[in-house]
Each structure stands twice: as structure tokens, then as C-alpha cells.
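Participant: Please see the structure below; I have some questions.
The values are calculated or read from the model by the stated rules, or taken from the named source; none is laboratory data. Computed from a predicted model, the values in this text were never measured in an experiment. Glycine also receives a Cβ, built like all others from the backbone with ideal geometry; neighbour counts cover every protein chain displayed.
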Amino acid sequence: MNLKKVFNLAVAVGLVSAMTSCAVSYPIAVTNNKSIKEGTVSQSVWFGIPPMNMDLSLKTAAENGGIKKIATVDFLVESKLLGIQAKYTTRVTGE
């Protein structure tokens, strides 16, 4: 295999790897309240270093959705660019 083919293969593998992402959702809590509205709060993190003012609280997510009674809580993690960037999201539903 010549050097040009190896280089092209390495570039192709690198591009495919850089475009891949993974998302995981963790259900945290469920109550008997109705799920009429949805509120979320998200924050992106680069290189695993969270910003100083990172707020992923249930209170903020509920306020963003106008929710007074929480029905469900989910925490989502989405990893992009081989883990260099991650997005964390708290999602609440309720009324």
C-alpha cells in the first residue's frame, strides 16, 4: 500500500469518526402528575471542562417550561466530535 492510499484512508476514518455522536437518556423521576408541558435546560461542555455558571437544575428547566408540578425528569447526555464536545440537558414535563 502506498503512502497516498494510507493517507486517504486515515483522512476518511478521521472524518467519519469526527462526525459520529452518541446520546444517552437517563430517566430520573416519575410522579402521578400530568405531562402537559415540557421544559429543558442545556449546557455544552468542551474538553470535559464545565463552565463556572453551569445550571442544569430542575428548577430552571421547570421555569423554562412554565411548569408548577413536575411529572417526569430526564437527564440527557450527547457526545460529539469523539467526546471533545458534550451537551448535557435536563428535561422535565408536568403541568
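Participant: Within the set of pairs 6+ apart or on separate chains, which have a first residue in region 50-62 that is farther than 17 Å from V77 by Cα, a second that is not aromatic (F, W, Y), and C-beta atoms under 8 Å apart?
Facilitator: Taking only residues 6 or more apart or on different chains, the pairs are T60/V41; T60/T90; A62/G39; A62/K68; A62/I70; A62/V92; A62/G94.
Participant: Of these, K34, K5, which one is in contact with an Asp or Glu (Cβ under 6 Å, 6 or more places away or on another chain) and loosely packed, with under 13 Cβ neighbours inside 10 Å?
Facilitator: On the way: K5 fails: in contact with an Asp or Glu (Cβ under 6 Å, 6 or more places away or on another chain).
Result: K34 is the single residue among K34, K5 that is in contact with an Asp or Glu (Cβ under 6 Å, 6 or more places away or on another chain) and loosely packed, with under 13 Cβ neighbours inside 10 Å.
Participant: Related question: L76: surrounded by 13 or more Cβ atoms within 10 Å (Cβ to Cβ), modelled with pLDDT under 95, at positive phi and within 14 Å of the chain's Cα centre (by Cα), yes or no?
Facilitator: Working: surrounded by 13 or more Cβ atoms within 10 Å (Cβ to Cβ): yes; modelled with pLDDT under 95: yes; at positive phi: no; within 14 Å of the chain's Cα centre (by Cα): yes.
Criteria not met by L76.
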